[in-house]
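Everything below concerns the one structure shown next.
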């Protein structure tokens, strides 16, 4: 697939558009018209990539394109060459960098997380010692001020205290940079090839003075490799990143280093850093530098391509995507157009400038992934550590699947907005599984199976894609493969390797699970038996819904029944989900604030993680009224104050994936006005502008996708379904552009700070009296017209016979 980066720009209005609403929501109260139009604004201009770069959001501000392979962004330092200020290499409060790295993963939670490959550092001064020996980043790093930093979609500019500046812009797999240096001072670019965020097994650099090129690679991986609970299990390499950089001018000096040895004049070096921590890694590694004479010209232009397949692939990607004499401004302009095309999929009108910025930045972060790993020629590095070509009909091989996080919101948003990308992603995951002995790893980084987290998120993900109309993948083959994983035990499922955080078994102790109908805490070989049971029940329910859509009645019956296994870890005596032992007894002592039996969450949070059977959960709790009252206490303190920012193990945590759907459960409990109020409170207090504008780890777009969907007034009911729960939209109008299908239009003319409640809704011109929509709206498109109010309507959406499951 040739990257169409230089296509014609579309204009997308994000100001208030002139819209006349022709149908009333109710005979007694017609919907007011939306205000007059203001000039359109390109959505990319509303994005602030620095949102989420503090407060643990772990976003990065550097240059990248939608689903891009290259993500060129700073690697910060706080005085330790083997660490950074944040999981993803950039923390807003750490204003010193040791390089501009070529790859990043958005919002991953492990510290350090992944990638950060090949930091390239513009250095002012003479290279007189090995940069790898500069273990405190005292010499070969530089401070900077945020006043000298500018980040926009596809472009990043930074001025350093040393006097050097970097201006970067990218295509999908390549980039161009202008580096400027103070005149008449030594000027170099350091290629720190071994210094990936987690370290490296090996690395190599070659300097070609005749052709003004620097090429090389790093052999690395180790996602979450420093994690205390099992990190040693993931200190392994599973990809090589190749790069080829060419320059517009000759080098005045060259040199390389290996560990503490510096070799001026040398043009080749090799050596990795290892994956250890602290002193065991400090001082190790390799790299090279090229120097420039700045006496008459202090500007250096560099073009660079990358590939996970080969050096030739990196050079071909560069040739195909960036013209030989393209300037940074040219590439940046094309990149902004690419982002406008993606962000313009959703056009919102009205709202405050801050809300528009928060919305479009969230959409930007949500559409950063999945990430491209295939070259222009269709080749990619597979999970079996071999080169493959795209499957028939597949346009791209994608990776970076944070399954446990993404299947709850980001996957649904991707299917809704970009079904073709979703289909290629589904095929990518199936390709990986076939290359991995039929095992669908729950957290895939580049071409590595990392085993991070718990459950079977691939089943929930692909079932959701299919339910939402995604068809451009081998769905029959993928379904059969996932059913096999869920029904046929594998020897790895009895291993404790990597446990608890990176257990190698993707369906841990499956034979025991199918016999006991729950994951036993003392025999599951998993992170936590209670969490594993809930996760597998969600996945199985999704498989059951997928089987029904495929007409596979036997599998539909089996997996639907398995979707109810959650009830086997609900303890009526405590009223909570609770871990059980193999003999059937409950794990004690029990404390709802404890994470015993769970993964990154408490029993108080996990008790709500039954989206596939909310009515069954409510019945177990004593009925819908009782469940709703308990849910009230999950979002409020004892004195009635809101508690939706996290930090209390007994209450809602907006950064904790197992409970991010909890505000929407009121729709299923017959009290939708509480969903409207709770969601609005979270939107207004946990999210916002500025570096602290995300509540926590973005988790590969998951938290941003939650914001986008919630701001539109819709949210997925459960994985494996195309049903949407309804809330109160933030904007007077939103249009979801769906090529080949009818657009999804959402109007709420009264939307503002005071109108947070739904008074009435019409779906395609007809009164809608329930707080959810079926699959028809998702699959075919249509129109939702909301009438909002300042006070709750406690009658709308409450009919017990019309409640979602």
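The values are calculated or read from the model by the stated rules, or taken from the named source; none is laboratory data. Fair warning: this is a prediction, and the values are worked out from it, not measured in the lab. No Cβ is skipped: glycine too gets one built from the backbone with ideal geometry, and neighbour counts run over all protein chains shown.
Scanning the stretch 791-805 for residues that are touching a strand residue (DSSP E or B) at 6+ places or on another chain (Cβ under 9 Å) and in contact (Cβ under 8 Å) with a residue 60 or more places away in the chain yields 792, 793, 796, 797, 803, 804. Of the residues examined, residue 560 is one that is in contact with a helix residue (DSSP H, G or I) (Cβ under 9 Å, 6 or more places away or on another chain), closer than 24 Å to residue 406 by Cα, in the same structural domain as residue 455 (by TED's automatic domain parsing) and without any contact (Cβ under 8 Å) to a residue 24 or more places away in the chain. Looking at this structure, is residue 127 touching a residue at least 60 places away in the same chain (Cβ under 8 Å) and surrounded by fewer than 24 Cβ atoms within 10 Å (Cβ to Cβ)? In short, yes.
Of the residues in the stretch 601-615, how many are closer than 20 Å to residue 716 by Cβ, without any contact (Cβ under 8 Å) to a residue 60 or more places away in the chain and assigned to a helix (DSSP H, G or I)? So the answer is 1. All conditions but one from (1) outside any helix (DSSP H, G or I); (2) touching a strand residue (DSSP E or B) at 6+ places or on another chain (Cβ under 9 Å); (3) surrounded by fewer than 24 Cβ atoms within 10 Å (Cβ to Cβ) apply to residue 597; the one that does not is (3). Within the stretch 790-805, can you find the residues that are surrounded by 20 or more Cβ atoms within 10 Å (Cβ to Cβ) and either over 33 Å from the mean Cα position of the chain (by Cα) or outside any loop (DSSP other than H, G, I, E, B) (or both)? The answer is 796, and nothing else. Is there a residue being in a loop (DSSP other than H, G, I, E, B), modelled with pLDDT under 95 and surrounded by fewer than 24 Cβ atoms within 10 Å (Cβ to Cβ) anywhere in the stretch 64-71? No, the stretch 64-71 contains no residue that is in a loop (DSSP other than H, G, I, E, B), modelled with pLDDT under 95 and surrounded by fewer than 24 Cβ atoms within 10 Å (Cβ to Cβ). If you filter the stretch 386-408 down to residues that are touching a strand residue (DSSP E or B) at 6+ places or on another chain (Cβ under 7 Å) and part of a loop (DSSP other than H, G, I, E, B), you find that the one that is surrounded by the fewest Cβ atoms within 10 Å (Cβ to Cβ) is 396. Suppose we keep only residues that are modelled with pLDDT of 95 or more, touching a strand residue (DSSP E or B) at 6+ places or on another chain (Cβ under 8 Å) and assigned to a loop (DSSP other than H, G, I, E, B) within the stretch 22-63. Which one would you say is surrounded by the fewest Cβ atoms within 10 Å (Cβ to Cβ)? Here the residue is 48.
Look at residue 151 and say whether it is assigned to a strand (DSSP E or B), out of contact with any helix residue (DSSP H, G or I) (no Cβ under 6 Å at 6 or more places or on another chain) and closer than 29 Å to residue 340 by Cβ. The answer is yes for residue 151. Residues that are farther than 26 Å from residue 758 by Cα and crowded, with 24+ Cβ neighbours inside 10 Å within the stretch 696-724 comprise 697, 698, 699, 700, 701, 720, listed in sequence order.
The set of residues in the stretch 500-520 that are closer than 13 Å to residue 531 by Cα and under 29 Å from the mean Cα position of the chain (by Cα) comprises 500, 501, 507, 508, 519.
Per-residue answers, yes or no, for (1) surrounded by 24 or more Cβ atoms within 10 Å (Cβ to Cβ); (2) in a loop (DSSP other than H, G, I, E, B); (3) at pLDDT 95 or above; (4) not assigned by TED's automatic domain parsing to the domain that holds residue 172:
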site: 424; (1), (2), (3), (4): yes, no, yes, yes
site: 427; (1), (2), (3), (4): yes, no, yes, yes
site: 432; (1), (2), (3), (4): yes, no, yes, yes
site: 437; (1), (2), (3), (4): no, yes, yes, yes
site: 454; (1), (2), (3), (4): yes, yes, yes, yes
site: 461; (1), (2), (3), (4): yes, no, yes, yes
site: 477; (1), (2), (3), (4): no, no, yes, yes
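Residue by residue, here is whether (1) farther than 30 Å from residue 461 by Cβ; (2) in the same structural domain as residue 151 (by TED's automatic domain parsing); (3) out of contact with any helix residue (DSSP H, G or I) (no Cβ under 6 Å at 6 or more places or on another chain); (4) without any contact (Cβ under 8 Å) to a residue 12 or more places away in the chain holds:
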site: 296; (1), (2), (3), (4): yes, yes, yes, yes
site: 301; (1), (2), (3), (4): yes, yes, yes, no
site: 309; (1), (2), (3), (4): no, yes, yes, no
site: 316; (1), (2), (3), (4): yes, yes, yes, no
site: 328; (1), (2), (3), (4): yes, yes, yes, no
site: 332; (1), (2), (3), (4): yes, yes, yes, no
site: 351; (1), (2), (3), (4): yes, no, yes, no
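Selection of the stretch 505-518 for residues being buried (at least 23 other Cβ atoms within 10 Å of the Cβ) and part of a loop (DSSP other than H, G, I, E, B) yields 505, 506, 507, 508, 509, 518.
Just checking: which of the strands (runs of 3 or more DSSP E) contained wholly in the stretch 242-288 hold 2 or more residues that are crowded, with 19+ Cβ neighbours inside 10 Å and touching a residue at least 40 places away in the same chain (Cβ under 8 Å)?
Numbers: elements: 253-258, 261-264, 268-270.
The strands (runs of 3 or more DSSP E) meeting that bar are 253-258.
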